[in-house]
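The values are calculated or read from the model by the stated rules, or taken from the named source; none is laboratory data. No experiment lies behind these values; they were computed from the predicted model shown. Note: ideal-geometry Cβ built from the backbone for every residue, glycine included; neighbour counts use all protein chains shown. Just the protein is used for accessible areas: all its heavy atoms, side chains included, with ligands, DNA and RNA removed. Shrake-Rupley method; radii C 1.70, N 1.55, O 1.52, S 1.80 Å.
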Amino acid sequence: MVTAIILINVQRQKVNQIAEELADMEQITEVFSVSGQYDLIAIARVPRNDDLAEVVTRRLLTIDGLEKTNTLLAFKAYSRHDLEAMFSV
C-alpha cells in the first residue's frame, strides 16, 4: 500500500466543492480543510506508485479551481490503528 499526503491550494470560493470532489475519488480516503499555507489536505492510499502517479498527474488536473499541489510520500505509518486491515479488500 502506498500512502501519500497531498497538500492542496484551491480558489477560495471552491474549497467545499473541491473537497467533496476529492472525497468522491476512490483513491482518496480522507480530505481535510485546514488553516495555514494550504486549503485542503487529501490522503491517498493506492496499491502501487503508478496508481499514485495516475491520481496526481492526471485525475487532479481535471479539477477546476485547483491551483497547486505538493505531494508527500509516506514511508512508514506510526499509528495505533491497523490501516492496512482497514483498507484491504
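State, as an integer percentage, the relative contact order of the chain based on alpha-carbon contacts under 8 Å between residues 6 or more apart.
Normalised by residue count, the contact order of the chain is 42 percent.
So what is the accessible area of the chain per residue, in Å², with the probe set to 1.4 Å?
Accessible area per residue: 70 Å².
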Peptides 67-78, 40-51 ordered by average Cβ neighbours within 10 Å, highest first: 40-51, 67-78
Which labelled figure in [x] 22, 14, 12; [y] 23, 20, 11; [z] 53, 19, 9 is semi-axes √(5λ) of the Cα gyration tensor in Å, once derived from the coordinates: [x]
Label-point separation in nm, Q11 to L61, each point 7 Å along Cα→Cβ: 2.0
Accessible surface of the chain [probe 1.4 Å, protein heavy atoms]: carbon and sulfur percent: 48
Segment 9-19 - phi-based ³J(HN,Hα) in whole Hz, Karplus 6.51/-1.76/1.60, Gly and Pro as x: 10, 9, 5, 3, 6, 10, 4, 5, 4, 5, 4
